[in-house]
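The values are calculated or read from the model by the stated rules, or taken from the named source; none is laboratory data. Model, not experiment: these values are computed from the prediction. Note that we place each Cβ from the backbone using ideal geometry, even for glycine, and neighbour counts take in every protein chain shown.
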Amino acid sequence: MDALLLIVGFFALLAYGVPVAVSLIVAALGYILLLTDIPVIIVAQQALAGTDSFTLMAVPYFIVAGALMQAAGISTRIVNLARSLVGWMPGGLAVVTILASMFFAAMTGAGAATTAAVGGMMIPAMVKDGYHRGYASALQASGGVFGPIIPPSILMILYAVTAEVSVGDMLIAGILPGILLGLMMIVFVMVQSQRKGFGTREPFELKKVGVALKESFWALLAPIIILGGIYTGIFTPTEAAAIGCFYSLVVGVLIYREITVPKMLRILFESFKVAAGIMLIVGGTQAFGWVLTREGLPQAAARFFADNVSSPLLFLLIAIVLFLVAGCFIDAVPNVLIFGPILVPVAVAYGIDPIHFGIVMVVAFCAGLITPPVGVNLFVASEVGGTPLRVMIPHVWPFFGVIVAGLVVLALVPWFSLALIP
């Protein structure tokens with residue numbers, strides 16, 4: 001009953017518009033003050049313990065690296081490369097948008113950054129090419145979903161820390177699921193564009209591909225260095241994040257020469273604000289999770305599923321529905337941090353690999369990036385595309401359906417999550 005009051009208090013605070021991190025901390029404080037005689041300093045101790053991690057240092061580094069890449073003109077070169085490769089296909093710029101989003105996701109690890117960087121160019125271009133503005137903006141918001149799935153991924157790092165699994169394995173596990181979802185989305189937009197008569201096709205020219213590859217070479221090298229270093233064991237994920245940050249700075253300042261000192265200072269300031277917000281959520285979740293553990297909620301969840309759900313597959317499907325609903329109301333970061341400690345032990349008890357379960361969880365919560373009322377990609381795409389939400393949201397649901405279909409495939413076929421892990 002006490003755990004139920006804690007959870008109700010947390011959601012009540014969210015309903016009143018209190019930030020997630022503050023809601024977590026206030027709910028934990030309220031529980032301790034009203035229902036126990038434990039010193040309140042335990043909240044600060046748990047929050048500090050939650051953020052005192054070498055692995056979590058990768059989060060601010062990847063945030064800064066992504067912001068540097070976005071400011072370095074990398075997105076323009078990535079879009080040009082995608083256009084030269086797939087602009088000839090049915091769907092034209094719609095396919096380019098998905099492929100460019102996948103490329104950029106492999107450098108930033110964040111959905112909003114991918115949506116903003118690619119959408120700023122592709123939404124106006126699609127509208128000019130005959131696409132409905134609402135459709136173009138919804139497509140770009142959906143393309144941004146790849147940001148936290150294709151490695152490097154901030155969500156994957158947070159899940160790995162929460163579930164106590166290898167960060168490197170978790171990042172590698174996101175490659176094939178990201179490619180699968182991307183291919184499904186590309187096929188869908190090709191069929192849809194032909195049926196609706198959207199867009200034009202550009203002739204394929206090998207010379208254009210060569211020029212675009214040359215211009216984007218330094219951009220494409222970033223994920224190879226980061227993931228290659230992690231996969232081969234040359235450096236840890238945190239060291240890889242720091243190297244990616246330094247590499248992005250070098251490319252932006254010395255090679256592409258689009259990052260100036262004033263711009264770099266703005267990038268650092270904005271990145272530190274984002275990183276601080278995420279780490280505050282991590283600390284708040286640690287305190288909140290400590291209270292839930294003290295109340296025995298993870299054990300109660302395990303007993304409930306053991307008594308009522310006999311099939312691992314049924315458990316996965318129930319978890320997917322729970323994640324999709326939660327993703328409509330809470331951002332992906334706190335969702336992973338809240339549900340991870342509760343449900344990962346249950347999944348392991350069913351014999352489900354925690355890496356596979358992590359992929360299912362992350363992809364499900366990423367689908368929440370395009371579902372109202374809090375889907376952050378919707379607001380970013382609306383802003384950069386100049387599209388009212390009411391115009392864009394009706395076009396979002398078919399793309400959401402594709403993501404959910406891919407999610408079901410990932411849940412049914414663990415191979416996609418585990419094949420590349422040594």
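Some observations on this one:
- Considering (1) of a type outside the set (Asp, Glu); (2) more than 26 Å from ASP331 (Cα to Cα); (3) surrounded by fewer than 18 Cβ atoms within 10 Å (Cβ to Cβ); (4) touching a helix residue (DSSP H, G or I) at 6+ places or on another chain (Cβ under 9 Å), the lone condition that VAL251 does not fulfil carries the number (3).
- Looking only at the stretch 244-255, and only at residues there that are hydrophobic (A, V, I, L, M, F, W, C) and over 21 Å from the mean Cα position of the chain (by Cα), the one that is nearest to LEU158 (Cα to Cα): PHE246
- Residue within the stretch 138-146 that is over 21 Å from LEU337 (Cβ atoms), more than 15 Å from the chain's Cα centre (by Cα) and not charged (D, E, K, R) present: yes
- Subset of the stretch 380-401 that is surrounded by fewer than 21 Cβ atoms within 10 Å (Cβ to Cβ), of a type in the set (A, V, I, L, M) and at pLDDT 85 or above - its residue that is nearest to the chain's Cα centre (by Cα): ILE393
Residue-by-condition table, conditions (1) over 17 Å from CYS245 (Cβ atoms); (2) free of Cβ contacts under 8 Å to residues at least 24 places away in the same chain; (3) more than 17 Å from the chain's Cα centre (by Cα):
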| residue | (1), (2), (3) |
| --- | --- |
| LEU56 | no, no, no |
| VAL59 | no, no, no |
| ALA65 | no, no, no |
| LEU68 | no, no, yes |
| PRO90 | yes, no, yes |
| MET102 | yes, no, no |
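- Filter result (in a helix (DSSP H, G or I), surrounded by fewer than 15 Cβ atoms within 10 Å (Cβ to Cβ) and aromatic (Phe, Trp, Tyr)) within the stretch 6-43: PHE11
- Filtering the stretch 119-139 to residues that are modelled with pLDDT under 80 and of a type in the set (A, V, I, L, M, F, W, C) leaves only MET121.
- Any hit, the stretch 210-218, residues being closer than 12 Å to MET69 by Cβ, in contact with a Lys or Arg (Cβ under 6 Å, 6 or more places away or on another chain), modelled with pLDDT under 85 and surrounded by 15 or more Cβ atoms within 10 Å (Cβ to Cβ): yes
Matching residues to (1) touching a Pro at 6+ places or on another chain (Cβ under 7 Å); (2) crowded, with 21+ Cβ neighbours inside 10 Å:
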residue: VAL282; (1), (2): no, yes
residue: THR285; (1), (2): yes, yes
residue: ALA300; (1), (2): no, no
residue: LEU322; (1), (2): no, no
residue: PRO334; (1), (2): no, yes
residue: VAL346; (1), (2): no, yes
residue: GLY368; (1), (2): no, yes
residue: VAL376; (1), (2): no, no
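- Test result for ILE98, surrounded by 24 or more Cβ atoms within 10 Å (Cβ to Cβ), hydrophobic (A, V, I, L, M, F, W, C) and part of a loop (DSSP other than H, G, I, E, B): no
- Of the numbered criteria (1) in contact (Cβ under 8 Å) with a residue 12 or more places away in the chain; (2) within 18 Å of the chain's Cα centre (by Cα), the one ALA347 fails is (2).
- Members of the stretch 219-249 that are part of a helix (DSSP H, G or I) and without any contact (Cβ under 8 Å) to a residue 40 or more places away in the chain: LEU221, ILE224, ILE225, GLY228, GLY229, THR232, GLU239, ILE243, PHE246
- Unique match (being touching a residue at least 60 places away in the same chain (Cβ under 8 Å), outside any helix (DSSP H, G or I), surrounded by fewer than 20 Cβ atoms within 10 Å (Cβ to Cβ) and not hydrophobic (A, V, I, L, M, F, W, C)) among GLU270, GLU258: GLU258
- Residues in the stretch 82-95 include none that are surrounded by fewer than 22 Cβ atoms within 10 Å (Cβ to Cβ) and of a type in the set (D, E, K, R).
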